[in-house]
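In what follows, a single structure is set out as structure tokens and then discussed.
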Amino acid sequence: MEDVYGIEYSKPEVVLLQDTGIGVAESAARTCYDSFTNSENSVIKDIENSMPTGAMCDEINDIEDSALLDDLAWTYFHHSILEHANLSFLIRGTSRGVLQEHARHRLQAISVRSTRYTMSSLINAFVASKHGGDRDFFIDKILLLDMFVTCDEAYNRVEIGGMYDKLDFQFTKVEDFYSISVAKSSLPFLEEFSDDAQKLYDALQSGKKKRNVGDAFKHIISDNVKVDMVVTFNLRSLKNYFTLRDSGAAFFQIRWLAQEMMKVTPQKYLDLIMKKKQD
């Protein structure tokens, strides 16, 4: 956790799920220059005379160093060959604000925890609050979901209170609010537990979830909400991402994320994209 502008924030967690190695990138570069025999990696040299076997491909993917890639990346700035190396990261606990920043980096594959399918617990807490509960019941339940990057409980209660107020406003405007918030098979719970918010909440949580429930309620959440995602960058795009986002000019939350991603990025990649140009 870290205090920024008087508010305490949690930092994201990152795991490197997979990396494809730098050997394919060297193979691509050697193809450009027809220079397989000049490689310090014997398996790359062998490509000069034969198509790689499965065992050779495994060996190519295990290559740790490439003088050619280093030279092309830092002397000749031939970065297109870096696009043949890819890294995939699992990210947990960043914010929707960071997600918007991430979207500006176009050359990436990104899969994000969907609000469309994952807001059931929040909506169930609101529905239960209308049946024997109150605003505080809703706030207490949402606090347990740990859904914000901000860590101060008093601040988060304000945030959740605002979510309740927006839902309550919508509740007064929609003729049959429960038809968009509760699965048809769970509607009988509203009558069965009409005066017991906790039992109703438990029943709704255990019952079938309303399909696409988030469609009607995305408006209630802010950039403060946590998201999880898997992102895949090619090495050239990752170079651009780290250069821009590990910077004092970057939004502090995406800078934290870039720094955590760098921590789990193997050194063989960082050597190609992060070191200063040599004289």
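The values are calculated or read from the model by the stated rules, or taken from the named source; none is laboratory data. Every value quoted in this text rests on a predicted model; they were computed, and no experiment measured them. Using ideal geometry, Cβ is built from the backbone for each residue, glycine included, and neighbour counts are taken over all protein chains shown.
Residues are listed down the side, and each one gets a yes or a no for (1) in a loop (DSSP other than H, G, I, E, B); (2) touching a Gly at 6+ places or on another chain (Cβ under 9 Å); (3) of a type outside the set (K, R); (4) on the phi > 0 side of the Ramachandran plot:
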{"site": "F138", "(1), (2), (3), (4)": "no, yes, yes, no"}
{"site": "Y155", "(1), (2), (3), (4)": "no, no, yes, no"}
{"site": "D165", "(1), (2), (3), (4)": "no, no, yes, no"}
{"site": "E175", "(1), (2), (3), (4)": "yes, no, yes, no"}
{"site": "L190", "(1), (2), (3), (4)": "no, no, yes, no"}
{"site": "K210", "(1), (2), (3), (4)": "yes, no, no, no"}
{"site": "G214", "(1), (2), (3), (4)": "no, no, yes, no"}
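Among residues that are surrounded by 15 or more Cβ atoms within 10 Å (Cβ to Cβ), more than 20 Å from A216 (Cβ to Cβ), assigned by TED's automatic domain parsing to the domain that holds V213 and in contact (Cβ under 8 Å) with a residue 12 or more places away in the chain, D146 is not included.
Residue-by-condition table, conditions (1) at pLDDT 95 or above; (2) out of contact with any strand residue (DSSP E or B) (no Cβ under 9 Å at 6 or more places or on another chain); (3) of a type in the set (F, W, Y):
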position: H131; (1), (2), (3): yes, yes, no
position: D134; (1), (2), (3): yes, yes, no
position: D140; (1), (2), (3): yes, yes, no
position: V149; (1), (2), (3): yes, no, no
position: V158; (1), (2), (3): yes, yes, no
position: F169; (1), (2), (3): yes, yes, yes
position: D176; (1), (2), (3): no, yes, no
position: S181; (1), (2), (3): yes, yes, no
position: S185; (1), (2), (3): yes, yes, no
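The helices (runs of 4 or more DSSP H) located wholly in the range 1-103 that include 1 or more residues which are among the aromatic types (F, W, Y) and not assigned by TED's automatic domain parsing to the domain that holds T265 occupy 23-33, 67-74.
Conditions tested, residue by residue: (1) closer than 16 Å to I7 by Cβ; (2) in contact (Cβ under 8 Å) with a residue 12 or more places away in the chain; (3) over 31 Å from the mean Cα position of the chain (by Cα).
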position: H131; (1), (2), (3): no, yes, yes
position: N156; (1), (2), (3): yes, yes, no
position: K166; (1), (2), (3): no, yes, no
position: E175; (1), (2), (3): no, no, yes
position: L190; (1), (2), (3): no, yes, yes
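Restricting the range 88-122 to residues that are of a type in the set (K, R) and within 12 Å of the chain's Cα centre (by Cα) leaves a set whose member that is surrounded by the fewest Cβ atoms within 10 Å (Cβ to Cβ) is R92.
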